[in-house]
Structure formats: structure tokens, C-alpha cells
Amino acid sequence: MDFCRTFASSIRQKDNIIKVNLKIKERVTKMKKIVLTLVALMSMTTTFAENEGMNTTEAYNMTVNMGKLAKALGLTNDQVESVAEVHKTFSSEMMFAAQYGKEERAKMVEKAVTKDLAYMHTILNKDQYRKYLTLLNVTLVNRGLK
């Protein structure tokens, strides 16, 4: 009889051990799922942040179709060449500003715009300058730079 009780007791202990092991495996599986979910979320967040940075840089790309700009402003051939050179410099300064931090970037953009407008004021007549100012302002607002 003692042998049967001992044997039954050892079987119950083994069953309890198996149950505990199953619970541990379930918990480990749940923890793995949680960790993998967190890793996936962090990856998506990082990717999103990288894409945002690219979009921000794209907003500072100020290249334009010079033919359309010349037509919109009614430029002469001499003005087209001068405006193209000034705008090329302006575009370079804007792309350069895109590489800096938020505060420095804002100062650099303001400086580039001020410089561009000063040069354009000497090249364009009053009506052309007014149209250019409107186009530039709309562009900066649409791109979130102003």
C-alpha cells in the first residue's frame, strides 16, 4: 500500500511539474509576442521619423521651371538670365539651410529670402517684383516654411 501511495504521489508531483512548465512556456510565449510587437513599433516609428526628415528636406528644394516663371513675370531675355542666376543661388542657400537644426534653419531661410528679394528688387520692375513676391510667399506658405 505504501508503494502505491508513493507512486501516486510521485505521479501527482510530475503532473504538477508539467503544469508549471506549461504555464512558464505560455508566459514566455506571451513575453516574446510583447517584445516582438515593441520591436515592430520602434521600427515603424524610426522609419516614419526618417521619412519625415526627407520630406522636410524636399520642402527646401526651390528649383522652378524658369520658362514658366519668366512667362508669369513677363521677363526680358536679360532679366531671365539675371533671375536664373539669383534663383540658383537662392535654391542653394535653401538646400543648405535644410541641413541645420530648427532654430538655425529658420534664421538661414530668413536670410536667404531677404537676400533673394533684395537682388530681385534690383532686377525686376514694380509689377514683376510684386508678382514675384506673391509667388514666393505662396510657395513658402504651401511648403510650411513661413
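The values are calculated or read from the model by the stated rules, or taken from the named source; none is laboratory data. What you are looking at is a predicted structure, and each value in this text was computed from that prediction instead of being measured. As a convention, Cβ positions derive from the backbone with ideal geometry for all residues, glycine included, and neighbour counts pool all protein chains shown. Accessible surface areas use protein heavy atoms only, side chains included; no ligands, DNA or RNA. Shrake-Rupley method; radii C 1.70, N 1.55, O 1.52, S 1.80 Å.
Worth a mention:
- Selection over the stretch 73-88 of residues that are touching a helix residue (DSSP H, G or I) at 6+ places or on another chain (Cβ under 8 Å) and either open to solvent by 50 Å² or more (accessible area, probe 1.4 Å) or not hydrophobic (A, V, I, L, M, F, W, C) (or both) gives a count of 4.
- The residues of the stretch 100-139 that are under 17 Å from Glu85 (Cβ atoms), of a type outside the set (A, V, I, L, M) and open to solvent by less than 60 Å² (accessible area, probe 1.4 Å), listed by number, are Asp116, Gln128, Tyr129, Tyr132.
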